[in-house]
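Engineer: Dropping a structure here in structure tokens format, bear with me for questions.
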């Protein structure tokens with residue numbers, strides 16, 4: 001008699017980022033003020049939703065992992081409130097000074113420690129948009145990885161991943177363990193915190209993992225973000241009949257070599 005398969009274990013990686021909707025640009029200096037609130041990265045929220053959709057359909061234990069300062073605990077609480085089972089905070093107080101490869105190696109070490117079957121991460125982050133950490137984790141672990149994922153099905157420990165290509169849709173079969181970078185969330189997989197979920201999340205213990213930053217880690221130097229001043233040219237046609245407005249617009253587009 002064969003042994004029953006163990007429950008699928010999923011790690012979903014989330015990052016706390018500046019709220020891009022709260023960024024204010026000084027009209028004089030053109031410098032961006034990003035000192036507002038911090039939120040869960042948009043694509044990571046999609047990854048959380050897809051992880052929970054897999055849990056609902058196939059059964060799984062889902063753990064959220066964030067690497068960052070103590071304040072990153074807030075996004076882990078949000079993940080727990082949406083239905084994630086456990087959460088882990090990797091304490092990286094100087095996370096903005098660490099390059100993506102070092103971050104990936106730190107996360108990969110934690111993933112190995114817990115023997116996860118599947119890792120989900122957002123396609124990129126709202127702040128840096130490098131899209132590097134997910135693939136770097138996969139290469140560190142020597143696992144297959146799929147980017148631009150939009151939907152996941154599971155059959156006999158093998159994934160069928162739908163992904164967006166530039167001009168088409170693709171379906172790829174991937175064996176476990178694997179890393180997926182989630183591009184978007186389907187409406188049925190979107191999850192939001194509930195009052196009951198928030199109450200339960202606050203009762204859970206979030207272990208904090210302390211790591212020693214590798215001495216060879218390459219440091220990043222950040223300059224002050226500056227919004228580029230843009231000058232836009234255009235044409236406004238009004239007070240003339242529709243056919244004349246269309247004629248003037250076509251003439252202007254030809255003049256600008258746009259058609």
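Engineer: Would you tally the residues in the range 146-191 being assigned to a loop (DSSP other than H, G, I, E, B), modelled with pLDDT of 80 or more and in contact with a helix residue (DSSP H, G or I) (Cβ under 9 Å, 6 or more places away or on another chain)?
Structural biologist: Summing the residues that are assigned to a loop (DSSP other than H, G, I, E, B), modelled with pLDDT of 80 or more and in contact with a helix residue (DSSP H, G or I) (Cβ under 9 Å, 6 or more places away or on another chain) in the range 146-191 gives 2.
Engineer: Shifting gears a bit: How many residues are under 19 Å from residue 17 (Cα atoms) and in contact with a helix residue (DSSP H, G or I) (Cβ under 8 Å, 6 or more places away or on another chain) if we restrict to the range 99-120?
Structural biologist: Going through the range 99-120 one residue at a time, the tally reaches 6.
Engineer: Which of the residues that make up the range 43-66 are in contact with a strand residue (DSSP E or B) (Cβ under 7 Å, 6 or more places away or on another chain) and part of a helix (DSSP H, G or I)?
Structural biologist: 43, 44, 46, 47, 48, 50, 51, 52, 54, 55, 58, listed by residue number.
Engineer: Got a number for residues in the range 103-121 being more than 18 Å from the chain's Cα centre (by Cα) and farther than 23 Å from residue 157 by Cβ?
Structural biologist: 1
Engineer: Still on this structure: Please state which of the following conditions residue 200 fails to meet, knowing it meets all the rest: (1) surrounded by fewer than 10 Cβ atoms within 10 Å (Cβ to Cβ); (2) modelled with pLDDT of 60 or more; (3) over 22 Å from the mean Cα position of the chain (by Cα).
Structural biologist: (1)
The values are calculated or read from the model by the stated rules, or taken from the named source; none is laboratory data. The structure displayed is predicted, hence computed values, not measured ones. Every residue, glycine as well, gets a Cβ built from its backbone with ideal geometry; the counts of neighbours run over all protein chains shown.
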